[in-house]
Every structure is written in structure tokens, then in C-alpha cells.
Amino acid sequence: MFVSKFIVIRLWKVPAYLDSNEHISIEMILVDDKGAKIHATIRKQLIHMFESKLEEGHVYMSIFSVFPQSGNYRTTLHPYKLVFHLRTKVTVVESPDISQFGMHFTSLAEIGAFTQDGRFVLEED
């Protein structure tokens, strides 16, 4: 388990395949004070604990578990993802040193050199 301070830059609920009124997870993209982005997941069983406590644009201090990123759908280039669990606590904190947008711009030279992963869907580092 790790403790970290981060800002939620994107948050969405994933609907169940057969019932769009039911959600199977909450997914988030988080940014830390160094500008590193990482994907975070809250599984269906724990949605009720966190859905009213987390909002985009707010900074939180939290305890969570870290797992290798897997699957074809990747929201960040980070090799790991954060998973909230039963003992996870989130606390709103003030932290002006974390960018609210988590943006990183690629130079034209880098774009022309094709140094970025072309299979990556979102604008990331």
C-alpha cells in the first residue's frame, strides 16, 4: 500500500454491459505533484464508499494498492495503475503545486520523428 497526494483530472463511471443504469467501476486519471499521470480504478463493490467523495479538479491524499497496468485499453503510458480497496481513505487537501490539467506538450520535432507510441489514444506524455 502507498500513500500519495494527487489531483483527479478525469473521472467517469463504467456502465454494466446489459444495464446502463448499473455501474461496474469508477475510473480516473490522476496527476501527482511531479506531473506523472496514472490510471486508478474503484471496483463495483466499493463504488458506494467513494462516489460521493471524489470529484474532478480536487486534490486528495489517499492510501491505495498498486498493480501492473494490463489490457488493450490504456488511458496513460504509466506501467502501473492504482486500485482503491476497502481500507482506502481519501481526504481533500490543498496543494497548489499540482497542475490541475496535467498537460504536457510535444514539440513538432518529436511529432515528426514519431518518437511517441502511435497506438496511444489520449494526449499524454
| request: For the range 75-82, just list the computed ³J(HN,Hα) in residue order, Karplus coefficients 6.51, -1.76 and 1.60, θ = phi - 60°, integers in Hz, with x standing in for Gly and Pro. | output: 8, 9, 7, 4, x, 10, 9, 9
| Per-pair calculated FRET efficiency, R0 = 25 Å: K44 and N72 via Cβ, rounded to 0.05 | 0.75
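Coordinate-derived values only; no laboratory data. Note that the structure is a prediction, hence the values are computed from the model and not measured. Cβ atoms come from the backbone with ideal geometry, glycine included; neighbour counts cover every protein chain shown.
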